[in-house]
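Below: one structure, written as structure tokens.
The values are calculated or read from the model by the stated rules, or taken from the named source; none is laboratory data. Note that the coordinates shown come from a computational prediction; the quantities given were computed from them, not determined experimentally. Reconstructed Cβ throughout: ideal geometry from the backbone, glycine too, with neighbour counts over all protein chains shown. In case anyone asks, the SASA skips ligands and DNA or RNA and just uses the protein heavy atoms, side chains included. Shrake-Rupley method; radii C 1.70, N 1.55, O 1.52, S 1.80 Å.
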Amino acid sequence: METISHKYTLNLSDESFPLGTDSMLLADFVRLTRNATVLDLGSGCGTLGLLLCAKDANCQVTGIELSESDHLMALENIRANQLQCRLYSLCGDLRTFPPEITSGSFHCCVSNPPYFSGGEPSQKHPLARRDDTCKPSDLFAAAAKALRYGGDFFLVHKPDRLAQLCCEAAKVGLEPKRLRLVRHKPNTAVTTILLQCRKGGKVGLIWEELFLQNPDGSPSDDYRRIYHL
């Protein structure tokens with residue numbers, strides 16, 4: 001069991017990913033409008049939904065998850081934290097949208113998607129690591145369909161996929177507006193990127209950077225903020 005922002009608990013199945021830095025980074029990066037409705041694309045057991053509910057007491061988060069076992073665990077986490085009125089999980093494919101999802105109805109979308117293309121699938125996490133069922137083109141198409149005009153899509157990914165992500169965003173009318181580069185320590189290679197794209201947005205990209213450890217290996221101020229320390 002994990003604790004979410006000192007407010008909620010997260011139970012995981014044997015097939016689920018543990019609470020990781022990527023989810024924490026993404027939840028910190030997301031900017032929610034007042035009373036935001038959020039769609040989590042590939043929501044797993046509800047980790048990101050719990051983080052966002054802890055971040056903003058007035059948002060509502062709906063998750064779409066292909067894995068039935070993760071979906072069932074998400075429902076359990078929703079019940080355990082008494083969030084039935086604010087956090088929802090649907091078992092379905094983001095490429096074909098469950099009927100419960102109305103196009104153009106969400107203020108923002110979020111996703112911590114599979115990063116890797118090709119190679120051998122993981123035995124423990126066959127769908128979660130590879131983008132076989134969640135390619136960048138699928139992801140951006142789903143976000144563009146779900147978002148209201150002016151709505152934002154926030155995602156976390158690896159830096160070597162940045163050009164591809166921006167190309168796929170442009171194809172469906174999502175304009176990159178904000179990019180955060182994450183390093184383990186100052187002056188080291190970028191390990192993770194966070195990207196915000198806006199439906200119908202104008203050209204203009206803001207760059208941000210942060211690092212998780214100080215040169216001596218101690219937690220940075222950014223790390224302490226992200227983990228609520």
GNM, the chain, Cα, under 10 Å: largest mean-square fluctuation among Arg34, Arg198, Arg86?
Arg34
By what distance, in whole Å, do the Cα atoms of the chain stretch along each of the three principal axes, largest value first?
47, 42, 40
5 Å is the cut-off here: which amide hydrogens, built 1.01 Å from N in the peptide plane, fall below it relative to Gly63, excluding neighbours closer than 5 in sequence?
Asp40, Tyr88, Ser89, Leu90
Out of the DSSP beta bridges found with both residues in the range 169-223, what percent are antiparallel (nearest 5)?
60 percent
Go ahead and estimate [θ] at 222 nm for the chain from helices alone: -39,500 (n - 2.57) per DSSP H run with n ≥ 4, summed, over the residue count, rounded to 500.
-7500 deg cm²/dmol
Show me, for the range 157-168, the HN-Hα J-couplings you get by feeding each phi into the Karplus relation (A = 6.51, B = -1.76, C = 1.60, θ = phi - 60°), rounded to Hz, glycine and proline as x.
7, 9, x, 6, 9, 4, 4, 4, 4, 5, 5, 5
Taking Cα atoms of the range 128-229, Rg/Rh with Kirkwood Rh, to two decimals?
1.03
Chymotrypsin sites (Phe, Trp or Tyr not before Pro) lying in DSSP loop within the range 178-229, provided at most 13 other Cβ fall within 10 Å
Tyr227
In Å², rounded to a whole number, the accessible area per residue of the chain with probe 1.4 Å is 48 Å²
Go through Lys55/Lys135; Lys7/Lys55; Lys55/Lys185; Lys135/Lys185 and tell me which ones have a Cα-Cα distance over 21 Å in this structure.
Lys55/Lys135; Lys55/Lys185; Lys135/Lys185
One would report the antiparallel percent of DSSP beta bridges in the chain, rounded to the nearest 5, as 45 percent
Carbon and sulfur atoms: what percent of the 1.4 Å accessible area of the chain do they account for?
52 percent
Whole-Å distance linking the alpha carbon centroid of the range 157-223 with that of the range 37-92 is 24 Å
Pick from Arg79, Arg31, Arg180: which residue has the top mean-square fluctuation in a GNM of the chain where Cα pairs under 10 Å get a spring?
Arg79
Which GluC sites (Glu not before Pro) from the range 11-108 combine a DSSP loop assignment with at most 15 other Cβ atoms within 10 Å?
Glu100
Suppose each label sits 7 Å from its Cα in the direction of the beta carbon; what would the Ala170-Met1 distance come out to in nanometres?
5.0 nm
